[in-house]
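Right, one structure below, let's go through it.
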Amino acid sequence: MKLYSTIDRKVVEIETIKKDEISIYSCGPTVYFRMHIGNIRAYINWDVLHRALVYLGYKVNRVMNITDVGHMSSTDDFGSDFGEDKMDRQAQREGIQPIDIANKYIDSVLNDFRDLNILAPCGQSIPHDLTYKDVERYGWSRASNFVNQIIEMIKRIEKNGYTYETKQAVYFDVSKLSDYNIFTGQELSEKEIGVRDEVNVDPEKKNPADFVLWMKRVGKYENHIMNWPSPWGDGFPGWHIECSAMGTSILGEKFDIHTGGVDHIPVHHTNERAQNIGTYGHPSVKYWLHNEWLVSKEDSKLSKSSGAETLPQVIDLGFEPMDVRYLFVSINYRTRIAYSVDGLKGARASRLALLRKLEELGSDSGNVIEEYIKKFKEELENNLNMSGVFRLINELLKSEYPRGDILATIYEYDKVLGLNLKQGISKEYDSEIEELLSLRKEARENGDFAEGDRLRDLIMQKGFRVMDTANGQTIQRV
RNA sequence: GGUGACGUAGCCAAGCUGGUUAAGGCCGUGGUCUGCAAAACCACUACCAUGGGUUCGAGUCCCAUCGUCACCUCCA
């Protein structure tokens with residue numbers, strides 16, 4: 001398996017720590033807002049990685065965190081370490097407790113994941129009745145349940161001499177790590193130039209890059225809702241320590257893969273790595289993998305503040321969740337995707353065409369074509385070359401292999417693609433449409449094509465396209 | 001200012017361990033099929049940002065230039 005390692009800055013051959021086993025930590029959702037289409041892209045990409053590794057024979061140990069504490073905002077205090085806590089703020093907005101906010105949005109994440117056929121981190125499909133209550137049994141870990149581990153980790157970092165404490169917080173002293181900037185290659189001294197308006201609310205902070213491990217319940221946070229006791233006083237964990245603590249306490253001091261968005265490279269993952277070294281004396285993550293962003297047509301970034309579409313909005317536009325999945329599955333995780341409704345339309349057209357072709361192949365599944373399984377695995381192993389996989393599908397559809405074998409092979413591919421190809425085209429329509437269809441069939445059998453065309457137009461107005469095939473009428477939602 | 005990613009057809013996107021005709025899809029056009037359509041099938045649509053260099057040979061390696069984007073501040 002070859003993947004792009006961010007620190008190595010190239011595609012590398014993956015050598016797992018334990019033979020035939022691979023451990024993955026995926027930066028998961030922060031649950032105070034409805035996941036947007038950009039988040040979805042990331043989770044679909046890593047879902048494909050997960051499925052691909054399973055398909056290639058690895059035993060996958062995967063965990064995905066849910067950040068439900070202490071995520072701070074700097075929108076109100078530019079450059080400040082002491083912005084509002086987003087969970088708190090959203091709770092105040094909605095007039096409920098932070099934990100209720102978290103639970104509410106965890107459920108919305110589960111719904112989206114389920115609709116998009118994204119597996120739970122444990123590798124199972126997400127059950128229909130799964131809610132926030134049982135999420136940890138399926139491989140998610142909630143930061144709020146790891147506060148003890150977080151405190152223990154900070155204690156170790158402190159003992160190893162990487163921290164200092166002020167009246168307001170416990171900081172990680174980045175000057176203690178010579179290769180702190182390994183991810184970006186950017187010198188800390190040069191970094192300061194750009195951050196001109198930095199407002200150091202904490203006058204005792206030594207270096208602007210130093211980051212909070214434990215935030216005390218003082219000053220602005222005197223009334224902070226989520227708090228825990230600690231050796232440094234009541235307070236809550238900093239934004240980076242949760243991931244370090246959860247990753248290493250669940251997957252071990254060293255694990256194979258850590259995934260996240262490219263935006264995490266310079267700060268979040270840089271700090272996570274620093275914390276791991278501060279704790280264990282060595283890095284914990286063997287390969288850091290990062291997914292690129294979605295950009296709008298003007299090539300500027302999508303963010304949750306730009307009104308990017310959520311899954312329900314996309315569905316309202318007439319798309320199915322699998323159209324979204326098709327779009328994101330067919331493009332490599334490192335390619336910046338120009339996202340647009342037109343792009344989504346193209347994905348939908350491709351997907352429906354594929355389903356139609358599969359339907360024409362019949363329903364008798366034969367034997368998988370070994371040659372094409374081999375090619376499939378080669379594409380997966382080649383840094384998840386998903387475009388190549390779709391090329392193989394098209395080759396197969398045009399090939400002379402027995403129909404059942406083509407079908408079986410493509411269904412085999414779908415174990416990784418996760419497009420629910422076996423379910424075929426959604427045929428759901430009501431009795432009214434059904435009646436119109438039978439009337440049209442009758443009219444055409446009687447040679448009354450004018451009536452047949454009228455009924456076809458009528459059905460079209462009700463949102464379905466009628467097609468006459470060798471097997472009779474078939475219908476498709478427009 | 002610094003750091004990084006990237007520039008392939010109308011659009012999306014492979015190819016980048018250099019080597020016959022630069023994958024595949026979407027859209028479009030022409031045709032076959034069809035009562036007419038739709039679907040399907042066939043055909044057509046690329047001076048690989050620019051300029052140098054290395055090489056028998058470069059989209060693919062090296063250098064420069066131009067351009068785009070991101071990050072350095074919460075974000076996938």
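Would you pick out the residues in segment A:213-243 that are within 29 Å of A:HIS258 (Cα to Cα) and of a type in the set (A, V, I, L, M, F, W, C)?
A:LEU213, A:TRP214, A:MET215, A:MET226, A:TRP228, A:PHE236, A:TRP239, A:ILE241, A:CYS243
For segment A:9-20, does any single residue satisfy the condition of being farther than 23 Å from A:LYS254 by Cα and either open to solvent by less than 40 Å² (accessible area, probe 1.4 Å) or modelled with pLDDT under 80 (or both)?
No, because not a single residue in segment A:9-20 is farther than 23 Å from A:LYS254 by Cα and either open to solvent by less than 40 Å² (accessible area, probe 1.4 Å) or modelled with pLDDT under 80 (or both).
Could you figure out which of (1) modelled with pLDDT of 90 or more; (2) within 30 Å of the chain's Cα centre (by Cα) isn't true of A:ASP173?
For A:ASP173, the failing item is (2).
Any idea how many residues of segment A:418-438 are aliphatic (A, V, I, L, M) and within 29 Å of the chain's Cα centre (by Cα)? Give the derivation first.
Here is the first cut: in segment A:418-438, the residues aliphatic (A, V, I, L, M) are A:419, A:421, A:425, A:433, A:436-437.
Applying the additional criterion that residues be within 29 Å of the chain's Cα centre (by Cα) yields A:419, A:421, A:425.
So the answer is 3.
A:ARG348 passes all but one of (1) open to solvent by 30 Å² or more (accessible area, probe 1.4 Å); (2) at pLDDT 85 or above; (3) closer than 30 Å to A:LYS415 by Cβ; which number fails?
(1)
Kindly evaluate A:ARG336 against the criterion of being more than 9 Å from RNA strand B (Cβ to nearest atom) and within 30 Å of A:VAL12 (Cα to Cα).
It is false that A:ARG336 is more than 9 Å from RNA strand B (Cβ to nearest atom) and within 30 Å of A:VAL12 (Cα to Cα).
Can we say A:ARG456 is within 10 Å of RNA strand B (Cβ to nearest atom) and in a strand (DSSP E or B)? Lay out the reasoning, then the answer.
On the way: within 10 Å of RNA strand B (Cβ to nearest atom): yes; in a strand (DSSP E or B): no.
No.
If a residue must be in contact with a strand residue (DSSP E or B) (Cβ under 9 Å, 6 or more places away or on another chain) and either at positive phi or within 9 Å of RNA strand B (Cβ to nearest atom) (or both), how many such residues does segment A:376-424 contain?
The number of residues fulfilling the criteria is 4.
Rundown of residues vs (1) in a loop (DSSP other than H, G, I, E, B); (2) more than 8 Å from RNA strand B (Cβ to nearest atom); (3) within 15 Å of A:THR259 (Cα to Cα), yes/no style:
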site	(1), (2), (3)
A:LEU3	no, yes, yes
A:ILE7	yes, yes, yes
A:LYS18	yes, yes, no
A:ILE22	no, yes, yes
A:GLY28	yes, no, yes
A:ARG34	yes, yes, no
A:ILE40	no, yes, yes
A:ASN45	no, yes, yes
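Of the residues in segment A:44-59, how many are open to solvent by 20 Å² or more (accessible area, probe 1.4 Å) and in contact (Cβ under 8 Å) with a residue 60 or more places away in the chain?
Looking only at that region, the number is 4.
Name the residue that is modelled with the highest pLDDT, counting only residues in segment A:70-103 that are part of a loop (DSSP other than H, G, I, E, B) and farther than 25 Å from A:GLU204 by Cα.
A:GLN97
Out of the residues in segment A:397-412 that are acidic (Asp, Glu) and open to solvent by less than 50 Å² (accessible area, probe 1.4 Å), which is nearest to A:ALA349 (Cα to Cα)?
Result: A:GLU412.
Note down all Cβ pairs under 6 Å where the first residue falls in segment A:161-188 and is touching a residue at least 40 places away in the same chain (Cβ under 8 Å) and away from RNA strand B (no atom under 14 Å from the Cβ), the second is assigned to a loop (DSSP other than H, G, I, E, B) and not hydroxyl-bearing (Ser, Thr, Tyr), and they're at least six residues apart or on different chains.
Final answer for the pair search is A:TYR162/A:ASP173; A:TYR164/A:ASP173; A:GLN168/A:ASP202; A:GLN168/A:VAL218; A:VAL170/A:TRP232.
Out of curiosity, is A:LYS415 at pLDDT 90 or above, charged (D, E, K, R) and open to solvent by 40 Å² or more (accessible area, probe 1.4 Å)? Step through it out loud before you land on a result.
Values: at pLDDT 90 or above: yes; charged (D, E, K, R): yes; open to solvent by 40 Å² or more (accessible area, probe 1.4 Å): yes.
Taking the combined requirement at face value, the residue satisfies it.
The values are calculated or read from the model by the stated rules, or taken from the named source; none is laboratory data. This is a predicted model, so every value here is computed, not measured. Glycine gets a Cβ as well: all are built from the backbone with ideal geometry, and neighbour counts include every protein chain shown. Please note that ligands, DNA and RNA were not included when accessible areas were found on the heavy atoms of the full protein model with its side chains. Shrake-Rupley method; radii C 1.70, N 1.55, O 1.52, S 1.80 Å.
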